[in-house]
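Just so you know, all these numbers are worked out from the coordinates, no wet-lab data involved. Everything numeric in this text was worked out from a predicted model, so none of it was measured. A quick note on method: Cβ atoms are made from the backbone with ideal geometry, for glycine too, and the neighbour counts reach across all protein chains shown.
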Amino acid sequence: MKITINVNGKTHVVKIESAEMLLDTLRRLGYKSVHRSCDSASCSSCTVLLDGNPVLSCCVFSATADGRFVETVEGLGSGEELHPIQKAFLEEGASQCGYCIPSLIMTTKALLAVEPDPTESEIREMLVGNICRCTGYEAQTRAVKKASRYLRGDEE
Amino acid sequence: MTPLAEEKIREFNVVKKNTDKVDGKALVSGKPVYTDDFDARDELQVKLVRSPHAHATIKSIDASEALKIPGVVAVLTSDDLPRVCFTRAGQGYPEPSPYDTFVLDRRVRYVGEPVAIVAAETEKAATAAVKAVKVEYELLKAVLSMDDAMKPSAPTIHPEEEASGIFDAERNIAAHFEMEIGETEKILKDCDVTISRTYHANTQLHAMLEPHVSRSYLDPNNRLVIVSSTQVPFHARRILSRIFNIPISSIRVIKPRIGGGFGGKQALHTEQYVAAVTLATRRPARLIFTREEVSMATNIRHEMQYEVKIGASKDGKIRAISMDGVSNTGAYGEHALTTLMVSGSKTLPLYNKVEAVRFSGNVVYTNLPPAGAFRGYGAPQGLFALDCIVDELATELGLDPLTVKEMNSIREGESSPIFKLMGEGREGVEQIVRSCKLQECIDRGKELIGWEKRSKGMLPDSRRAKGYGCAIAMQGSGIAKIDMGAATIKMNEDGSFNLLIGATDIGTGSDTALAQIAAEVLHVTVDKIIVYSSDTDFTPFDTGAYASSTTYVSGNAVKAAAEKVRMQILQGASEILEEPLPNLELTLAEVHSKETGKTISYSDICTQLFYTFNQRQIGATGSFVGEESPIPFMATFAEVEVDMETGQIDLKKLVSVADCGTPINPVQALGQLEGGTMQGIGWALFENVMYSQTGRMLTTDFFTYKVPTRMDYGELICELAESYEPTGPYGAKSIAEIGIDSPIPAIANALYDATGIRLREAPFKSEKLLFEILSREV
């Protein structure tokens with residue numbers, strides 16, 4: 001079957017196989033920021049925003065994304081300019097190997113849209129599904145706090 | 001503390017600053033940087049047929065049905081491959097690990113071991129073909145525990161005659177080591193107090209997020225090119241050359257960005273299979289493991305058990321220590337001897353004031369997944385036993401455990417005979433501890449945890465018990481006289497430099513730290529350093545990303561190369577400016593004459609030398625091998641609460657303060673410490689590998705194998721102590737591994753403090769603790 005999905009503002013009409021997962025479709029379309037790790041909805045490395053909400057693309061059928069809006073980290077920032085969340089992650093050393101980072105940044109974007117000034121416990125709770133094996137999480141918490149300050153205009 | 005070391009702590013231009021990661025922008029932008037992101041045309045998809053049995057011989061393999069599936073191109077079995085015995089372990093050469101492995105063998109030794117390689121046009125066809133390959137097995141008795149491995153009735157796991165380097169194949173002993181300094185037993189008998197205990201650290205999964213993956217193809221000159229998620233590109237090239245009997249000159253290994261390793265990618269896991277397919281079909285090939293394969297069929301941590309004896313005088317002075325261990329290397333002896341030795345050599349020198357010390361151990365084969373390198377490399381298993389027994393000794397003596405650790409541990413300017421006696425797989429090197437801020441780490445840790453004000457026992461109006469524990473740890477910085485790193489730097493006419501390094505950044509940030517070292521020497525900003533690493537065709541040799549070596553070993557190599565380039569820049573400037581060398585100095589991207597005030601930019605120097613004047617390339621290669629392995633130190637403190645009715649363990653706070661010399665990039669160094677510490681917390685409390693009765697790993701995904709999440713700990717505070725290692729690049733030593741060493745003993749000690757129950761088998765699951773609480777009540 002064919003589906004129409006809008007990824008980061010660009011419309012794709014794409015042929016999919018039955019039971020194809022959104023992760024595979026997005027990677028095939030060239031959105032390589034969507035990373036395969038557990039392939040069983042337990043690590044969140046493949047998180048994208050579907051109509052603004054974080055979903056695990058390894059367990060979302062591509063067919064259900066028909067006619068909907070997908071956002072990946074490739075759509076953040078403009079040209080050479082990083083989005084404030086990306087900037088905060090870079091500055092705070094929140095990315096070591098980087099494999100979990102695109103999904104974490106997208107989940108953070110969704111979090112900060114709902115709660116622009118989250119507490120540490122809200123950050124931990126909202127991002128709990130995003131496994132990171134490198135950082136020990138602390139730098140990432142610092143980065144999310146910094147990103148929230150950037151987005152609120154409290155820090156440049 | 002010696003004044004000498006203190007004097008060297010100073011301000012730098014680039015080093016000790018929080019430069020953004022040189023690959024950071026690409027990583028936070030989701031750029032295609034990992035092995036699986038590079039789509040290739042006409043590429044075959046590779047999958048492996050794996051054994052469902054822990055121990056069996058293969059009677060026959062019938063691929064006829066599989067080959068009928070549309071799109072299936074090849075099914076390779078042991079008959080199609082060279083019968084060459086090797087070790088997958090990526091280590092120095094000659095390897096200290098036994099040659100006991102074939103790409104495919106006629107015998108399988110663990111559940112999940114590959115028995116055939118399938119290549120197809122699509123992943124779907126390859127998956128279908130894997131299911132269609134019919135394998136007939138003859139089952140053998142399986143050895144599923146360390147206890148069973150050495151029993152006279154145990155079957156021999158490695159009877160193959162081609163194997164070499166196995167200590168005692170008949171008795172399933174892959175490796176053995178023993179050493180003694182002084183008369184340990186005699187002194188133990190003579191001590192005021194002597195205790196003996198057994199500690200058991202279970203295995204752990206690396207659980208790096210990027211699965212093992214590699215691609216291979218033939219370049220236009222028919223050279224074999226491998227792109228791989230490897231920590232050891234140069235070792236991979238050497239091992240592939242041996243297996244397939246093709247010259248090293250015909251192989252190129254490229255490491256792109258890596259999604260985490262922790263030792264789990266310090267062996268050949270995928271490369272040999274894609275290479276076999278490409279060599280057989282002359283076509284590109286790709287193999288990416290599923291999460292289940294990553295867990296059950298790559299490498300895991302060596303499970304180790306130690307019987308420890310310790311003796312002391314009444315005042316708490318430790319007089320003798322004896323450690324006798326057994327380590328489980330699973331089906332193959334990868335890193336078997338060396339992890340055993342490190343569990344002694346990177347723990348026992350902590351207590352260097354003993355009159356006698358003994359260490360021995362056997363590493364046994366079992367029919368479980370092969371163990372391999374894993375952050376800490378044996379040290380955390382050894383430290384669990386050693387630190388806890390010192391803690392128990394103090395309790396026995398009625399002394400404060402931390403006081404006993406402080407009064408007996410090593411200090412700056414001191415040494416230990418163990419440094420010479422125990423290296424990795426062979427003799428080590430004599431060295432003195434030139435930088436040690438262990439006491440400062442302890443003092444700061446005490447402050448951060450509130451050690452002096454701590455109260456223990458039952459919390460008021462609750463069923464929760466509170467306790468505190470501490471542990472001290474050491475590690476190394478590369479393997480002395482074995483690990484070698486090299487760097488090449490060449491100058492461009494805009495004043496930028498290409499830094500070509502064999503060193504392998506697996507997410508640690510070593511590309512950035514090494515760029516900072518080059519920039520510091522060359523007096524430029526980091527953006528003038530263009531880093532390219534880990535490509536066997538284009539970068540000089542480096543042993544790879546392991547043994548906490550990169551900052552120290554490769555860092556010193558970069559410094560050596562940069563210093564040569566610096567001299568060449570001055571020489572070029574001297575010729576152009578017609579000024580004698582002693583007049584000249586480097587300022588930011590310029591050469592300046594102290595005498596005449598004349599100044600010339602790097603860009604002008606290089607442009608003239610390229611195009612118009614005394615034409616030549618400025619560039620140099622430097623290499624470094626450590627004469628010693630400087631020791632980072634750390635103190636860890638844990639605060640726990642235990643629900644005495646459910647056994648639930650709540651890690652309220654954990655503090656780790658480490659001495660890594662100069663942190664080349666403080667944010668990244670702290671990240672290594674925080675990350676290592678969290679892996680230690682996971683291993684202490686949650687990460688529990690389980691097997692079925694037939695030896696199949698049951699905990700192969702993140703539902704069944706629990707790595708710590710953001711909600712599983714209270715407060716984590718990591719800090720770096722101020723220190724300077726005189727032999728390190730700008731005073732640096734290592735930080736990558738040490739974080740994982742001490743959480744297990746610190747948490748064990750805290751749990752004892754809270755409950756009076758001493759857990760001697762890690763991980764410390766709540767149900768285990770509850771069982772102990774209930775047993776005590778009965």
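Stretching the chain fully between B:Phe771 and B:Glu121 yields a gain of 228.6 nm (0.36 nm per residue, less the alpha carbon separation).
Among the listed pairs B:Lys186/B:Lys765; A:Lys145/B:Lys17; A:Lys109/B:Lys559; B:Lys255/B:Lys768; B:Lys598/B:Lys733; A:Lys146/B:Lys466, which are separated by more than 32 Å between their Cα atoms?
Working: B:Lys186/B:Lys765 38 Å; A:Lys145/B:Lys17 22 Å; A:Lys109/B:Lys559 41 Å; B:Lys255/B:Lys768 42 Å; B:Lys598/B:Lys733 39 Å; A:Lys146/B:Lys466 34 Å.
In this structure, B:Lys186/B:Lys765; A:Lys109/B:Lys559; B:Lys255/B:Lys768; B:Lys598/B:Lys733; A:Lys146/B:Lys466 lie more than 32 Å apart at Cα.
Centroid-to-centroid, using Cα positions, region A:13-31 and region B:112-139 are 26 Å apart. Across peptide B:662-673, the average count of Cβ atoms from other chains found within 10 Å of a residue's Cβ is 3.
Give me B:Glu303, A:Glu156 sorted ascending by neighbouring Cβ count inside 10 Å, so fewest comes first.
Taking fewest neighbouring Cβ atoms as first place, the list is A:Glu156, B:Glu303.
So for region B:447-511, what are the equivalent ellipsoid semi-axes in whole Å, largest first, each being the square root of 5 times an eigenvalue of the Cα gyration tensor?
On the way: eigenvalues 533, 59, 25 Å².
Rounded to whole Å, the semi-axes are 52, 17, 11.
Just so you know, the Cα atoms of region A:2-75 work out to an Rg and Dmax of 10.8, 29 Å.
Take each residue of peptide B:30-40, count the partner chain Cβ atoms within 10 Å of its Cβ, and average: the result is 5.
Could the peptides B:472-478, B:122-128 be put in order, highest first, of the mean number of other beta-carbon atoms found within 10 Å of their residues?
Details: B:472-478: 30.6, B:122-128: 17.1.
Order by mean packing, descending: B:472-478, B:122-128.
For chain B, the extents of the C-alpha atoms along the principal axes are 90, 74, 51 Å, listed from largest to smallest. The Rg/Rh ratio of region B:189-331, with both radii computed over alpha carbons and Rh defined as the Kirkwood radius, is 1.24.
Ranked from highest to lowest mean number of other Cβ atoms within 10 Å per residue, what is the order of the peptides B:495-507, B:19-31, B:363-375? Intermediate results must be reported in sequence, preceding the final value.
Details: B:495-507: 25.5, B:19-31: 22.0, B:363-375: 28.9.
Ranked from most to least packed, the peptides come out as B:363-375, B:495-507, B:19-31.
Take each residue of peptide B:705-713, count the partner chain Cβ atoms within 10 Å of its Cβ, and average: the result is 6. In order along region B:590-604, phi translates into HN-Hα couplings of 9, 10, 10, 9, 5, 8, 9, x, 5, 9, 9, 7, 3, 4, 5 Hz, rounded to whole numbers, per the Karplus curve 6.51 cos²θ - 1.76 cosθ + 1.60 with θ = phi - 60° and x for Gly and Pro. Measuring spread by the Cα atoms of region B:595-681 yields a radius of gyration and Dmax of 26.0, 83 Å.
Give the whole-number value, in cubic angstrom per residue, of the convex hull volume spanned by the C-alpha atoms of region B:376-423.
Values: hull volume 4.8 nm³, N = 48.
Dividing the Cα hull volume of region B:376-423 by its residue count gives 101 Å³.
Of the peptides B:283-292, B:67-76, B:587-596, the order by per-residue mean of other Cβ atoms within 10 Å, starting with the highest, comes out as B:283-292, B:67-76, B:587-596. Farthest toward the dipole's positive end in chain B, which of B:Ser603, B:Ala638, B:Ser214, given Cβ charges of +1 (Lys, Arg) and -1 (Asp, Glu) about the Cα centre? Toward the positive end, the furthest listed residue is B:Ser214.
For the residue pairs A:Lys2/B:Lys47; B:Lys68/B:Lys131; B:Lys453/B:Lys652, alpha carbon separations beyond 20 Å are given by A:Lys2/B:Lys47.
222 nm [θ] for chain B, helices only, -39500 (n - 2.57) per DSSP H run of 4+, per residue, to 500? It would help to have the intermediate numbers written out before the result.
Details: 20 runs with 209 residues, N = 778.
Estimated from H runs of four or more residues: -8000 deg cm²/dmol.
The ranking of B:Thr612, B:Thr57 from fewest to most other beta carbons within 10 Å of each one's beta carbon is B:Thr612, B:Thr57.
Per-residue ellipticity at 222 nm for chain A, helices alone: DSSP H runs ≥ 4 residues times -39500 (n - 2.57), over residue total, nearest 500 deg cm²/dmol? Spell out each step's value before the answer.
On the way: 5 runs with 51 residues, N = 156.
Value at 222 nm, helices only, nearest 500: -9500 deg cm²/dmol.
Karplus-based coupling profile of region B:302-316, in residue order and whole Hz: 5, 5, 9, 10, 10, 8, 10, 10, 9, x, 8, 7, 4, 7, x, with θ = phi - 60° in 6.51 cos²θ - 1.76 cosθ + 1.60 and x standing for Gly or Pro. Computed from the C-beta positions of B:Leu67 and B:Leu698 and an R0 of 30 Å, the FRET efficiency is 0.35 to the nearest 0.05. Comparing region A:84-152 with the 2.2 N^0.38 Å rule of thumb, its C-alpha radius of gyration ratio is 0.95 (two decimals).
Could you please rank B:Val49, B:Val193, B:Val227, A:Val14, placing first whichever residue has the fewest other Cβ atoms within 10 Å of its Cβ? Each step should come with its number before you reach the end.
Numbers: B:Val49 23, B:Val193 15, B:Val227 26, A:Val14 19.
Going from sparsest to densest Cβ surroundings: B:Val193, A:Val14, B:Val49, B:Val227.
What FRET efficiency do you get for B:Arg106 and B:Lys141 if R0 is 25 Å and r is their Cβ-Cβ distance, rounded to the nearest 0.05? Working from the Cβ atoms, E equals 0.90.
Remark: the Cα gyration tensor places the protein assembly as shown in the rounded category, a/c being less than 1.5. Remark: the B:Ser601-B:Glu170 segment gains 148.3 nm on full extension, using 0.36 nm per residue and subtracting the alpha carbon distance.
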